[in-house]
Amino acid sequence: MLRALLIVLLLTVSPVFAHDMRDPMTPERVAQILLALDPDARAVGARAEMTLGDVPVTVFLDEGANRMRVMVPVASAEALSPEDLTRVLQANFDTALDARYAIAQGRLWSVFVHPLAELTGEQLILGIGQTVNLAQSYGTLYTSGAQIFGQGDSGGIYSDLIEELLDRGEAL
């Protein structure tokens with residue numbers, strides 16, 4: 001479902017991408033893209049907050065360190081069992097793609113980290129989508145999208161489920 005939404009969003013915000021790809025990403029361009037995704041997005045210093053569906057998304061920018069981070073809260077870290085920890089590490093290897101599970105501040109997060117200046121608008125949107133997907137699929141598919149890297153343990157767990165979800169999403 002989010003995959004279809006992201007395709008629509010990419011088409012709608014295509015004017016935002018109409019720039020020389022050699023130009024570095026700026027906080028102003030990030031803000032334009034976030035506002036195209038969520039007109040109610042708001043910036044607070046080097047942090048922007050938005051909601052996709054019912055998922056809260058926070059974007060942090062650090063121009064000095066040339067970093068950008070997208071974060072979505074997933075669960076309390078205290079509630080994670082050893083099996084949960086194993087599963088998120090497996091997902092980080094083969095199904096999380098560019099997003100990752102991480103633990104900080106007593107929480108399990110879904111995160112996407114990228115150098116800011118080199119980031120393209122499309123990468124930002126896809127990174128946000130993967131981060132939201134990864135958070136929403138915690139406890140079930142543990143995936144940020146439809147692809148599986150391979151050579152890991154996750155492929156056999158849910159390849160059929162991914163196909164079913166893609167079929168459902170195509171109708172949107």
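If the chain linking L89 and Q105 were pulled fully straight, counting 0.36 nm for each residue of separation and taking away their Cα-Cα distance, it would gain 3.9 nm.
With R₀ set to 35 Å, the beta-carbon distance separating E28 from A77 gives a calculated FRET efficiency near 0.50. Summing Lys and Arg as +1 and Asp and Glu as -1 over all other residues whose Cβ lies under 14 Å from the Cβ of A104 gives a net charge of +2.
Ligands, DNA and RNA left out, the 1.4 Å accessible surface of region 19-80 is 50% carbon and sulfur atoms. Each of A43 and F60 was given a label point 7 Å from its Cα along the Cα-to-Cβ line. The distance between the two points is 1.8 nm.
The values are calculated or read from the model by the stated rules, or taken from the named source; none is laboratory data. Note that the structure is predicted; figures quoted are calculated from it, not measured. Virtual Cβ from ideal backbone geometry, glycine too; neighbours counted across all protein chains shown. Calculation scope for accessible area: heavy atoms of the full protein, side chains included, ligands and nucleic acids excluded. Shrake-Rupley method; radii C 1.70, N 1.55, O 1.52, S 1.80 Å.
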